[in-house]
1. Hey, if you drop one equal point scatterer on each alpha-carbon of the stretch 199-248 and run the Debye formula without solvent, what base-10 log of I(q)/I(0) do you get at q = 0.24, 0.29 Å⁻¹?
2. Using the Kirkwood formula on the Cα atoms of the stretch 122-248, what hydrodynamic radius do you get, in angstrom to one decimal?
3. Starting from the eigenvalues of the Cα gyration tensor, five times each then square-rooted, give me the equivalent ellipsoid semi-axes of the chain, largest first, whole Å.
4. Per DSSP H run of at least 4 residues, take -39500 (n - 2.57); add these up for the chain, divide by its residues and hand me the 222 nm value, nearest 500 deg cm²/dmol.
5. Just add up the charged neighbours of residue 118: K/R +1, D/E -1, any other residue whose Cβ is under 13 Å from the Cβ of residue 118.
6. Full extension from residue 188 to residue 43: what is 0.36 nm times the residue separation minus their Cα-Cα distance, to one decimal in nm?
7. So which DSSP H runs in the chain come out at 15 Å plus along the axis (Cα) with average Kyte-Doolittle of at least 1.0?
8. Largest first and to the nearest Å, give the Cα extent of the stretch 88-189 along each principal axis.
Amino acid sequence: MGAIYVMWLRQIKKYWRSKARMIGSLGQPILFLVALGFGFGPIFAKAGQGNYMNFLAPGVIVMSILFTAMFNGIEVIWDRQFGFLKETLVSPASRFKIFLGRTLGGATVATLQGVVVLLITLVIGFRPTSLAYLPVAFIFMFFVAVLFTSLGTAIAARMEDMQAFPLITNFLVMPLFFLSGSLFPLNDLSSTLLIITRINPLTYGVDAVRGALTGAFTLGLGLDFVVMAAVTAVIFAIGIYMFSKIEL
């Protein structure tokens with residue numbers, strides 16, 4: 001447990017000390033909230049869909065977690081290049097414990113990022129419908145964080161080029177985000193898009209967070225939980241395998 005705690009604490013300290021990283025990571029969510037929330041709000045209301053800010057805010061919260069968690073994997077490449085990873089892997093701690101500590105640390109940071117964005121949405125005008133479901137939203141925010149921290153680490157474990165990592169992750173992250181229902185309702189989609197959104201695991205995370213904050217579930221809390229738990233477990237296992245195969 002000592003190795004897990006050390007790696008978890010190290011990830012949090014690195015994020016907390018990087019003020020530029022903390023501030024810079026808020027730029028994109030704020031841009032989406034202001035530009036889309038106020039820009040498309042009147043159009044959304046005229047279409048009879050209600051308050052667009054209430055619809056958009058949960059999607060942007062999940063987006064901030066997604067990007068923060070995914071790009072946490074680049075630290076594996078960074079640590080490999082500067083020798084810290086080698087020092088860690090030759091320690092008595094198992095690679096499973098090291099991976100678990102890194103993943104929990106990265107997921108904690110990503111979840112905290114989501115909480116900060118949630119607070120920003122409250123300032124802008126978003127209002128959750130029920131505080132009783134707020135813990136449910138936090139649980140699914142952490143699910144999303146663990147899922148994509150594991151995925152980012154799994155990808156980084158097979159790479160050595162730091163510049164290629166953002167290109168590959170963006171190739172995966174952007175379609176996942178835009179086809180998750182974060183920015184538009186999933187009702188009345190074409191059959192092709194409907195199938196794609198149902199395959200996308202982020203769809204269920206967005207639906208769960210939005211449902212917990214606004215009461216508007218599209219797929220149902222039970223289905224959201226089953227899919228997110230299953231996919232997170234699978235990606236976590238893949239991440240462990242990939243991390244265990246790192247060659248120094």
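Readers should treat all values here as calculations from the given coordinates under stated rules, not as data from a laboratory. Computed from a predicted structure; not experimentally measured. Glycine also receives a Cβ, built like all others from the backbone with ideal geometry; neighbour counts cover every protein chain displayed.
1. The Cα Debye sum returns log10 ratios of -0.80, -1.00.
2. Here the Kirkwood hydrodynamic radius works out to 15.9 Å.
3. Working: eigenvalues 214, 67, 54 Å².
Taking √(5λ) for each Cα gyration eigenvalue gives 33, 18, 16 Å.
4. Taking each H run of at least 4 residues, the total per residue is -23500 deg cm²/dmol.
5. Values: positive: 127, 210; negative: none.
So the surrounding residues net to +2.
6. Details: separation 145, 0.36 × 145 = 52.20 nm, distance 1.71 nm.
Extra length available between residue 188 and residue 43 comes to 50.5 nm.
7. Membrane-span-like by this rule: 52-70, 95-124, 134-157, 164-178, 221-244.
8. 50, 31, 24
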